[in-house]
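Below: the structure, in C-alpha cells.
The values are calculated or read from the model by the stated rules, or taken from the named source; none is laboratory data. Treat the numbers as computed from the prediction; the structure is a model and nothing was measured. Neighbour counts run over all protein chains shown; Cβ positions are idealised from the backbone, glycine included.
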Amino acid sequence: MGGFAAAGAALGRSAHLVVLDTTDPDRPRARPLKEALTRLVHGRVSARFIAGQMRHGPRGASELAETVDRLVAFAETTEQVPSALLDRLHAAYVMDPEVRAFLLAQNPAAARAIARRFADARRRGLWHARRNDLDSDLDALRAEAGREAAE
C-alpha cells in the first residue's frame, strides 16, 4: 500500500488509500488508511497487548520493534501518519519504564531498532513530537541497548 501511494506521488497523483477491516467477517468494512492506522496503534499501545508481547520475551520485543518500523514506513510512503500516533507508540514503548526495561533485557537489538526508527522519523520531518527532549532520550536508549548487548 505504501509503495502504491509512493508511486502515485511520483506521478503527481494521490491515491485514496483504503483498508478492508474484516474483524467481523460477516460485516467487512472499508476504512481510510489513517483511520485504520489509528485503530491499529490504539490496540498496539494497550496494556493487554503489551503484556502479551512481554510474555513472549525476545520475540515479543521484536514485535514491538516491527510495529514502530511499519508505522514509520507508512509515514514515509503515505503521508497518512499523524505525529500523535508516533507519540503514542513512543510513550507506550520507550517512556514506560517497565516496557523500556523489558526491551533492554529481552532484546537490546529491538530497543536499538526502535530508537533508530523514531530518530529517523524525527530527522526526516515525519514526526513532530510534542516533547522537546526526545533526541537525547533516543540517544540514551541506543546507548543503553549497546551496553545490554555487550554484557
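When Gln80 is tested against (1) modelled with pLDDT under 95; (2) assigned to a helix (DSSP H, G or I); (3) buried (at least 18 other Cβ atoms within 10 Å of the Cβ), just one condition goes unmet, and that condition is (2).
In region 46-77, the qualifying residues are those that are assigned to a helix (DSSP H, G or I) and among the hydroxyl-bearing types (Ser, Thr, Tyr), and the one that is nearest to the chain's Cα centre (by Cα) is Thr67.
Here Gly43 meets each of (1) within 30 Å of Ala7 (Cβ to Cβ); (2) of a type outside the set (A, V, I, L, M, F, W, C); (3) part of a helix (DSSP H, G or I); (4) touching a residue at least 40 places away in the same chain (Cβ under 8 Å) with one exception, condition (4). Of the residues Ala47, Ala10, Ala51, Ala61, the single one that is at pLDDT 95 or above, exposed (fewer than 12 other Cβ atoms within 10 Å of the Cβ) and not basic (Lys, Arg) is Ala47. A search for C-beta distances below 9 Å between a residue of region 15-29 that is modelled with pLDDT of 90 or more and any residue that is of a type in the set (Val, Ile, Thr) and in a loop (DSSP other than H, G, I, E, B), counting only pairs 6+ apart in sequence or on different chains, returns Pro28/Thr22; Arg29/Thr22; Arg29/Thr23. From the list Leu89, Leu138, Leu103, the lone residue that is buried (at least 17 other Cβ atoms within 10 Å of the Cβ), out of contact with any Gly (no Cβ under 6 Å at 6 or more places or on another chain), modelled with pLDDT under 95 and in a helix (DSSP H, G or I) is Leu138. Restrict the check to region 107-121 and report whether at least one residue is without any contact (Cβ under 8 Å) to a residue 24 or more places away in the chain and either touching an Asp or Glu at 6+ places or on another chain (Cβ under 9 Å) or polar (S, T, N, Q) (or both). Yes, there is a match, as at least one residue in region 107-121 is without any contact (Cβ under 8 Å) to a residue 24 or more places away in the chain and either touching an Asp or Glu at 6+ places or on another chain (Cβ under 9 Å) or polar (S, T, N, Q) (or both).
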